[in-house]
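To start, the structure itself, in structure tokens.
Only the coordinates and a few stated rules stand behind these numbers; no lab work does. This is a predicted model, so every value here is computed, not measured. Positions of Cβ are generated from backbone atoms using ideal geometry, with glycine treated the same way; all protein chains shown enter the neighbour counts.
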Amino acid sequence: MAKSKQKSIWLKLLSGIFYISLCALAIGVGVIGYVLKDSSVGKEVVMQSIRGTKPEAIFDKDSVTLLVLGCDEDRYYGGKQILSNSARSDMMLLTKLDFKKKRLTGVSIPRDLLVEMPGFRANKINAFHAMGGKDPERGKALAKQAVEYVLGVNVDRVITLNFEAFKDMIDLVGGVEVFVEKPLHYDDRRGNLHIHLDPGRQVLKGEDAMGFVRYRKGDSDFKRQERQKNLMFSFRERVMSQPGKLGDIAEKARELTGHALDEKEIAAVALFAQKIGSHNIKMGQVPVRELERFYFLGLDYDKLNDTMVEYNFPEARPTLYHQYGYRQ
């Protein structure tokens, strides 16, 4: 049971790293297209470069903390009717862009983490986004509130990943060429996820590319990470071979992140990303332990402080629970 939950946590972490990397890649190369199209973002990139504008001046602070959510549509059994666009968040990643230290760090938050927040019944942390119902902004606000309450970290922005924009972005470049090592077959009707890929080298369009990177049944973490990396490289080649589409690709990248950043901020992040070395990118996970009475996870307070400091969240002041097996 413990190994199974540990594996699930790592899968969510790898997924978060992949989507953030894809966004950075698309936005990073896309700013060139914006310049070519003489758009507002392109002008911002040029002006900030000429003026030497620092990202902390754009955001008016030395670092920015983002909560990244990966959410499927909540569909009625059978997959035809959408019940809510504010489904439970299957992936939660708290990440920090530290402009002073030139670091990008983050911690994955397991979906089964139990939260007992005043005014709400005890629930898994991924359920708070779904509480927004048909109001996505309320869903993001509740997810933000839950994370801030549990970890004691102020969240500046909430980014809800748009999987449809991901598929559109892949289709925009004509698909990606990858090698499928083995048959990949999986159906999740409620999540509207249908993966059916045969082995061999092939060009995947958006829907199949989504299945290629999200497939997890019977796979190790490293196998899934390898697929995501291969798709990243293929996507980069496709993008760079079609400079005329760079602006459109960057626009899709903004959709992928839910337009959480404006033009000035997009330009600042793109320029900041160029200065980050791989040694300054570090991702981990919130330490958890199983609770005895429920199929939930609780924070491991003995390790939490060291973990938050290690991943550049020294300001964290976690809330200590008193029920359901939590330490007071």
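Kindly put Ile170, Ile50, Ile276 in sequence by how many other C-beta atoms sit within 10 Å of each C-beta, fewest to most. Please list the in-between numbers first.
On the way: Ile170 26, Ile50 8, Ile276 15.
Final ranking by Cβ density, sparse to dense: Ile50, Ile276, Ile170.
Say each of Asp156 and Glu263 gets a label point 7 Å from the Cα, pointing the same way as Cα to Cβ; how far apart are those two points in nm?
2.1
Taking amide H positions as placed 1.01 Å from N in the peptide plane, with prolines and chain starts having none, which residues 5 or more places from Arg103, or on another chain, fall under 5 Å of its amide H?
Those lying under 5 Å, H to H, from Arg103 are Asp98.
Check Leu193: other-chain or 5+ apart residues with amide H under 5 Å from its amide H, H built from backbone geometry?
The list, which skips near neighbours in sequence, is Asp188.
Need the full-extension length gain, Glu137 to Ile276, defined as separation in residues times 0.36 nm minus the C-alpha distance. One decimal, nm.
Numbers: separation 139, 0.36 × 139 = 50.04 nm, distance 3.11 nm.
46.9 nm is the gain from fully extending Glu137 to Ile276.
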